[in-house]
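> Would you mind keeping the following structure in view while I ask a few things?
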Amino acid sequence: MMNKVALVTGASRGIGEAIAIKLAESGFDVMINFAGNLSRAEEVKKKCEDFGVRALIFKADVGIKNDCENLVKKTIDEFGSIDLLVNNAGITRDSMFLRMNDADFESVINVNLTGVFYLTKLVAKIMFKKRKGKIVNITSVSGITGNVGQANYAAAKAGVIGFTKTIAKELAPRGICVNAVAPGFIETDMTAVLDDSFKQKIVEQIPLNRFGTTSDIADMVDFLASSSADYITGQVFQVDGGLVI
């Protein structure tokens with residue numbers, strides 16, 4: 001029997017890397033999308049292949065429609081199908097609202113929200129014909145609560161939540177499940193550069209008294225990708241240590 005196929009965007013580092021590797025461990029063949037770091041993407045590919053599955057890498061900026069089309073075409077050409085789409089790719093351009101320039105707002109919306117639209121539309125057409133499939137969108141607690149200095153990011157992530165719920169309703173009659181995962185503060189390259197005193201202040205706001213790990217997010221995505229979640233759609237799962245209760 002052929003393995004199921006997962007397309008994971010932004011999979012060369014952080015949460016995306018953990019998701020790709022976890023799905024490989026669960027038996028998915030994986031298309032690893034990356035935007036810039038080829039060497040890191042190749043490392044993720046090798047880690048996935050260690051589980052005996054096929055893994056490929058493909059450079060694409062999800063904020064560019066043509067790149068998305070090429071990414072999906074390459075995945076179909078190589079694997080023959082897409083059973084799971086994980087829209088994980090995202091960027092930040094943090095700044096206080098009154099100082100935020102147009103380019104920083106537009107670029108974050110473009111990658112973090114419009115890119116989700118592009119890829120979901122392309123992949124949903126494939127799943128529509130098969131009458132089955134899973135789509136998992138990575139949003140953020142910032143899209144639920146808002147966050148100072150992240151008007152662009154929070155707006156995009158809130159948009160992903162609304163998009164997820166709407167698409168879930170539209171695609172459900174075809175057996176396609178669409179859900180979102182909203183990470184809280186997760187230990188990644190981006191959080192590693194934060195000042196220790198600032199990180200401590202954040203930890204004090206988290207009931208479980210620690211940052212999350214990329215594995216915490218990957219485990220939730222893996223669950224949603226499994227048959228155990230076949231009756232779950234249109235939901236937003238907050239994996240945040242109780243930060244947003």
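Coordinate-derived values only; no laboratory data. Small disclaimer: the values here were computed from a predicted structure and weren't measured. Counting neighbours? That spans all protein chains shown, and the Cβs are built from the backbone with ideal geometry, glycine included.
> For the chain, set up a GNM with springs between Cα atoms under 10 Å and report which of Val221, Val111, Val148 has the largest fluctuation.
Looking only at Val221, Val111, Val148, the largest GNM fluctuation is found for Val148.
> May I ask you to sort Ile167, Ile206 by Cβ crowding, counting other Cβ atoms within 10 Å and putting the fewest first?
Ile206, Ile167
> Ok, one more. If you add up the charges near Glu204, with Lys and Arg at +1 and Asp and Glu at -1, over every other residue whose beta carbon is less than 14 angstrom from its beta carbon, what do you get?
Combined, the nearby Lys, Arg, Asp and Glu give +2.
> Also, I was wondering about something else. Could you please report the charge total around Gly241, scoring K, R as +1 and D, E as -1 over all other residues with beta-carbon less than 13 angstrom from its beta-carbon?
Net local charge, Gly241 excluded: -3.
> Name the most mobile residue of Val30, Val53, Val178, meaning the one with the largest mean-square fluctuation, in a Gaussian network model of the chain with Cα contacts below 10 Å.
With Cα springs under 10 Å in the chain, the top fluctuation among Val30, Val53, Val178 is at Val53.
> Is there a pair in Lys59/Lys199; Lys46/Lys157; Lys134/Lys199; Lys73/Lys169; Lys46/Lys125; Lys46/Lys134 whose C-alpha atoms are over 28 Å apart, and which pairs would that be?
Lys59/Lys199; Lys46/Lys157; Lys134/Lys199; Lys46/Lys125
> Expressed as an acute angle from 0 to 90° and rounded to the nearest 10, what is the orientation of the C-alpha long axis of helix 38-49 relative to the principal long axis of the chain?
It is inclined by approximately 60 degrees.
> At a Cα cut-off below 20 Å, give the aspartates and glutamates reachable from Lys201, other chains included and same-chain residues fewer than 8 away excluded.
Asp94, Glu187, Asp189, Asp240
> In whole Å, largest first, what are the principal axis extents of the Cα atoms in region 1-45?
34, 15, 14
> So how many Å³ per residue does the convex hull of the Cα atoms of the chain work out to?
124 Å³
> Taking 7 Å along the Cα-to-C-beta vector as the label spot, tell me the Leu194-Phe128 distance in nanometres, rounded to one decimal.
In this crude spin-label approximation the distance works out to 4.1 nm.
> Same structure again: Quick one: net charge of Asp104's neighbours, Cβ under 11 Å, K/R +1, D/E -1?
Computed value for this residue: -1.
> Another one. Please compute the modelled spin-label separation between Lys74 and Ser227, points set 7 Å along Cα→Cβ, answer in nm with one decimal.
It is 3.3 nm.
> Among Ile138, Ile64, Ile82, which one moves the most in a GNM of the chain with springs linking Cα atoms closer than 10 Å?
Ile64
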